[in-house]
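First the structure, in the form of structure tokens, and then the observations on it.
The values are calculated or read from the model by the stated rules, or taken from the named source; none is laboratory data. From a predicted model like this one, the values you see are computed outputs, not experimental measurements. Only protein heavy atoms, including side chains, enter the accessible area calculation; ligands, DNA and RNA are left aside. Shrake-Rupley method; radii C 1.70, N 1.55, O 1.52, S 1.80 Å.
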Amino acid sequence: MKLVRYGPRGAEQPGRLDAEGRIRSLAGVVGDIAGAVLSPAGLDRLRALDVAALPVGDRHPRLGPCVGGPGKCACIGLNY
């Protein structure tokens, strides 16, 4: 299962790629690809969807950041 966010900058919509590589809109299913959607239960819910029943999104959209609304990011660098 491949999830994407697509659309204009700042107004990305959630989507899922089907077997042919077309984007299927998840706009009516989830608000965004973030938070609880990325939990094991949320991902299981998305896996259970009938992808063919979802509407086809834009044909050549702008792809946005992979996760919406990121919080803090802590990094440790030991490459000195």
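Coupling constants for segment 39-47 follow from the phi torsions by the Karplus curve (6.51 cos²θ - 1.76 cosθ + 1.60, θ = phi - 60°), and in residue order they are 6, x, 5, x, 5, 4, 4, 5, 5 Hz; glycine and proline get x.
The H on the amide N of Arg22, modeled in the peptide plane, is under 5 Å from the matching H of no residue at least 5 residues off or on a different chain. Distance from the Cα centre of segment 49-80 to that of segment 1-25, in angstrom? When both Cα centres are located, 9 Å separates them. Backbone phi angles across segment 58-65, fed through the Karplus curve with coefficients 6.51, -1.76 and 1.60 (θ = phi - 60°), yield HN-Hα couplings of 4, 6, 10, x, 7, 8, x, x Hz in residue order; Gly and Pro are listed as x. Dimensions of the chain based on its C-alpha atoms, expressed as ranges along the principal axes with the largest first, amount to 50, 29, 22 Å. For segment 11-27, 3J(HN,Hα) computed residue by residue from phi via the Karplus equation (6.51, -1.76, 1.60; θ = phi - 60°) reads 10, 5, 10, x, x, 9, 7, 8, 5, 8, x, 7, 7, 10, 6, 10, 4 Hz, glycine and proline entered as x. Surface composition of the chain: carbon plus sulfur atoms contribute 57% of the solvent-accessible area (1.4 Å probe, protein chains only, all chains present).
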